[in-house]
Amino acid sequence: MAKDSRHIQDGLFARKVVPVLIPMPAERAYSYALPEGQEAVPGQIVQVPLGPRLVPGIVWDGDTDQVDPKKLREIAQVFDCPPVAAPMRRFIDWVSGYTLTPPGLVARMALRAPAAFDPEPMIDALRLTDARPERMTAARERVLEQAGDGLAWTRTGLAHAAGVSASVIDGLSAQGVFEPVRLTPPPVVAAPDPDYQPARLEPGQAQAAEALRATVAEKAFSVTLLDGVTGSGKTEVYFEAIAETVRAGRQVLILLPEIALTAAFLDRFHARFGARPAEWHSELAPRMREKVWRQAAENRVSVVAGARSALFLPFADLGLIIVDEEHDPAYKQEDRVFYNARDMAVVRARLADIPTVLASATPSIESRVNAEQGRYRHLKLDSRYAEAVLPDIKLVDLRRHAPARGGFLSPVLLKAMAETLERKEQALLFLNRRGYAPLTLCRVCGHRFECPDCSSWLVEHRFRGQLQCHHCGHAEPTPQACPACGTLDHLAACGPGIERIAEEADRHFPDARVIVLSSDMMGGTRRLRIELEAIAKGEADIVIGTQLVAKGHNFPLMTLVGVVDADLGLSNGDPRAAERTYQLLSQVTGRAGRAGHKSLGLIQTFQPQHPVMQAFASGEAETFYARETDERRRAHLPPFGRLASVIVSAATRVEAETHARGLRAAAPPGQGLMVLGPAEAPLALIRGRHRFRLLIHGERGRDMQGFVREMLAKGPKPRGSLQVQVDIDPQSFL
DNA sequence: AGCACGCCGACT
DNA sequence: GTCGGCGTGCTC
């Protein structure tokens, strides 16, 4: 009996009491009694009564709370499931402490496959015996031939393979020709073969791959930043680290931003390893979800490619984590538990004592600084290989080359488009703004359409005939008359969205086939896939898209990329604005580049002298990053300072404002506190709730968690409506 | 997070 | 007179 478990007297029997973490925002694990004769080790998944219902939970470590014996209830079931491994339990504790989130809510993310706690049901199958039927028929003949391979067959599978009806099989079974056997269900994916089809690597790649192989062979914690321009073959390089880990019989997690988790990536993996990796993302069918979860826990699946939530899968023997596109903001979760999966991957690796690789063509400043200061190893791939050629980049100064009145495409860009279309090649127009126009106003009285819930401008979506709020999801039909002065048909659309750019492109090139791609496209991911295939087959001439086109998809026939408004996003108050813009421009221009063709990137801007534009046009990434790093250093922003973002949310705006004021008052002066209003709240804004975001920054080495805790304690105490995101690279905590 | 309990407005 | 809104409190 474990030393730390307590016993309580209950009638005649002493019952063993264990702490159980349940998927609920309680500060500590609850205590439950083990049924007589039952054993449960830490990590075991159990079912416990909670109020009127049964919930899953994880038997936790350490002592149990002193709890009223009358309240104590019994564990209802100990699942026949591998216990959550100790490093994973420490990870849950760590994330809970770091994000100031109750541990139960973090554990909840690890328990998101309820049906997986029971073993997968065995499959009923049939195997041929020595017995033979009394009478032979043609159908029976075929069945015997088919099943003669000595393998077990399922009843329907065999009937299908032999081209007979299932009743033929039943007849044979009745005569003892088959015996029933039970099989373990097959793995969700075939085992990857590390030696299936190794890529031919260029010298630079081979060197980096060798370094990663050596890192994996250390079987110890390390972080490697794998940094190389688009087309330099990062994926092939980290595939070799995966191969090495698979050879050692350990599991691999590949994290990808959800949008980059495409069939194209899985196919690439398949080509290298002869099998696909298991997938993990929000759209996975429940049945598959459960299989992947269970098989990860049983070490029956060796490579999982997943979105950020895959970090909370209960791997039995994780040996390597890859974080692809490590700079991608999609790694941030700003909902319930606030975390950055890239940083938490580093922590997970530290706690499991395994290597991790952060890969990107445009690494985040945090990761670059960590690499420069020696906390991360740094592998750089400089050259492009094969025929992949990046486009020539040219800035288009919009002050000198102004678009025609009411238009947004400069004569320079229009000319380049005409030439591209003339050559029967494709052009991509990029504008990071959905809808038709970001602002609608009344030409008579000047009324602006604002969101009634969060006071940001309503974006016109002309195709849907709606005005939408991009912050909280509020939508209303576009009216004919101004709601303020009642004048009919005098509403003016101000500024461009992609729908409006499509209209303009159509006007200039009426014969061109135009495709518009954005996340709010009708038809969802399926439609998106179809459109992407059509584009790859050359069934479109002009593609117009939001940042959706910057990620994960390649356009092999594209030879022109036009950035409609490169300044968008440079002045939104985000301390990462310049970095984000640089990354986005790199990603989107990197999409183009037809083998053997000259391609061109035209960046429309009003600020050609801006460091981002200058660095981008001259291709001097290093200069840009050095400058940005310096800016951050002076501004005491991450990674040199620490940033905590406290989200205040409440059902009513008044309540949220009160709490935000209280928090601001509680913060000591000189802490560098920024308060951003509801318009700057995250896009994940819950419909109908109001959120404020407070940004606090402090110096490196300061206990920000402690500071925020203190501040929260001094401020008002709203119930369940404060969420804290501490936005610091976790390295200093390791 | 769920769920029950409990107190004030418009209706079969 | 009830049905039902969501504010408050509790779950080992």
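The values are calculated or read from the model by the stated rules, or taken from the named source; none is laboratory data. In this text, all values refer to a predicted model and were calculated from it rather than measured experimentally. Cβ: placed from backbone, ideal geometry, glycine included. Neighbour counts: every protein chain shown. Quick note on the areas: whole protein, heavy atoms, side chains included, nothing else; ligands and nucleic acids left out. Shrake-Rupley method; radii C 1.70, N 1.55, O 1.52, S 1.80 Å.
Going by the structure shown, is A:Thr356 hydroxyl-bearing (Ser, Thr, Tyr), under 30 Å from A:Leu568 (Cα atoms), open to solvent by less than 10 Å² (accessible area, probe 1.4 Å) and not in a helix (DSSP H, G or I)? No. Per the conditions (1) within 16 Å of DNA strand C (Cβ to nearest atom); (2) free of Cβ contacts under 8 Å to residues at least 40 places away in the same chain, the sole criterion not satisfied by A:Asp80 is (1). In the range A:483-499, the residues that are without any contact (Cβ under 8 Å) to a residue 12 or more places away in the chain form Cβ pairs under 6 Å with partners that are assigned to a loop (DSSP other than H, G, I, E, B) and open to solvent by 30 Å² or more (accessible area, probe 1.4 Å), at six or more places apart or across chains, as follows: A:Leu488/A:Gln480. So is A:Ala349 assigned by the TED database to the domain that holds A:Val252, part of a helix (DSSP H, G or I), in contact with a strand residue (DSSP E or B) (Cβ under 7 Å, 6 or more places away or on another chain) and surrounded by 21 or more Cβ atoms within 10 Å (Cβ to Cβ) or not? So A:Ala349 fits the description; yes.
Count of the range A:48-70 residues, restricted to those that are away from DNA strand B (no atom under 16 Å from the Cβ) and open to solvent by 80 Å² or more (accessible area, probe 1.4 Å), is 3. Evaluated against (1) buried (at least 23 other Cβ atoms within 10 Å of the Cβ); (2) touching a Lys or Arg at 6+ places or on another chain (Cβ under 7 Å); (3) in a helix (DSSP H, G or I), A:Asp227 falls short on exactly one condition, (3). Taking the criterion of being touching a Lys or Arg at 6+ places or on another chain (Cβ under 9 Å) and more than 24 Å from A:Ala402 (Cβ to Cβ), the residues of the range A:602-626 that qualify are A:Ala615, A:Tyr625.
All of A:Phe430, A:Phe463 fail the test of being within 29 Å of A:Val543 (Cβ to Cβ) and in the same structural domain as A:Leu414 (by the TED database), apart from A:Phe430.
Out of the residues in the range A:418-458 meeting the condition of being aliphatic (A, V, I, L, M) and open to solvent by less than 10 Å² (accessible area, probe 1.4 Å), tell me which one is farthest from A:Gln583 (Cα to Cα).
Filtering the range A:418-458 for residues aliphatic (A, V, I, L, M) gives A:418, A:421, A:427-429, A:431, A:437, A:439, A:441, A:444, A:458.
Still in the running and open to solvent by less than 10 Å² (accessible area, probe 1.4 Å): A:427-429, A:431, A:437, A:458.
Details: A:Ala427: 20, A:Leu428: 17, A:Leu429: 17, A:Leu431: 14, A:Ala437: 25, A:Leu458: 27 Å.
This residue is A:Leu458.
The condition of being acidic (Asp, Glu) and under 13 Å from A:Leu311 (Cα atoms) holds for only one of A:Asp343, A:Asp335, A:Asp328, that being A:Asp343. Within the range A:121-134, the set of residues being assigned to a strand (DSSP E or B), open to solvent by 50 Å² or more (accessible area, probe 1.4 Å) and either without any contact (Cβ under 8 Å) to a residue 12 or more places away in the chain or in contact with a strand residue (DSSP E or B) (Cβ under 6 Å, 6 or more places away or on another chain) (or both) comprises A:Ile123, A:Arg127. Within this structure, A:Ile242 fails the test of being in contact (Cβ under 8 Å) with a residue 24 or more places away in the chain, more than 27 Å from A:Asn299 (Cβ to Cβ), not basic (Lys, Arg) and not assigned by the TED database to the domain that holds A:Leu128.
Restricting the range A:520-562 to residues that are on the phi > 0 side of the Ramachandran plot and either of a type in the set (Val, Ile, Thr) or touching a residue at least 40 places away in the same chain (Cβ under 8 Å) (or both), the residue that is surrounded by the fewest Cβ atoms within 10 Å (Cβ to Cβ) is A:Gly538. Within the range A:256-275, not a single residue is open to solvent by 40 Å² or more (accessible area, probe 1.4 Å) and part of a loop (DSSP other than H, G, I, E, B). Screening A:Thr156, A:Thr137 for residues that are outside the structural domain of A:Glu244 (by the TED database), open to solvent by 70 Å² or more (accessible area, probe 1.4 Å) and of a type in the set (Val, Ile, Thr) leaves exactly one candidate, A:Thr156.
Quick grid of which residues meet (1) within 18 Å of A:Leu431 (Cβ to Cβ); (2) of a type in the set (A, V, I, L, M, F, W, C); (3) without any contact (Cβ under 8 Å) to a residue 40 or more places away in the chain:
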residue: A:Val564; (1), (2), (3): yes, yes, no
residue: A:Asp567; (1), (2), (3): yes, no, no
residue: A:Leu570; (1), (2), (3): yes, yes, no
residue: A:Arg580; (1), (2), (3): yes, no, no
residue: A:Gly593; (1), (2), (3): no, no, no
residue: A:Phe606; (1), (2), (3): yes, yes, no
residue: A:Pro611; (1), (2), (3): no, no, yes
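Exactly one residue among A:Val237, A:Val246 is part of a helix (DSSP H, G or I), touching a helix residue (DSSP H, G or I) at 6+ places or on another chain (Cβ under 9 Å), within 25 Å of A:Gly619 (Cα to Cα) and open to solvent by less than 40 Å² (accessible area, probe 1.4 Å), and that residue is A:Val237. Each residue in the range A:57-105 was checked for being assigned to a strand (DSSP E or B) and out of contact with any helix residue (DSSP H, G or I) (no Cβ under 6 Å at 6 or more places or on another chain), and 6 pass.
Applying the criterion of being at pLDDT 95 or above and open to solvent by less than 20 Å² (accessible area, probe 1.4 Å) to the residues of the range A:34-47, the residue that is farthest from DNA strand B (Cβ to nearest atom) is A:Gly43. Taking (1) over 21 Å from A:Pro23 (Cβ atoms); (2) open to solvent by less than 70 Å² (accessible area, probe 1.4 Å); (3) at pLDDT below 90; (4) not in a loop (DSSP other than H, G, I, E, B) in turn, A:Gly150 satisfies each apart from (4). In this structure, A:Leu517 does not qualify as at pLDDT 90 or above, outside the structural domain of A:Gln587 (by the TED database) and either in contact with a strand residue (DSSP E or B) (Cβ under 6 Å, 6 or more places away or on another chain) or under 22 Å from A:Pro452 (Cβ atoms) (or both).
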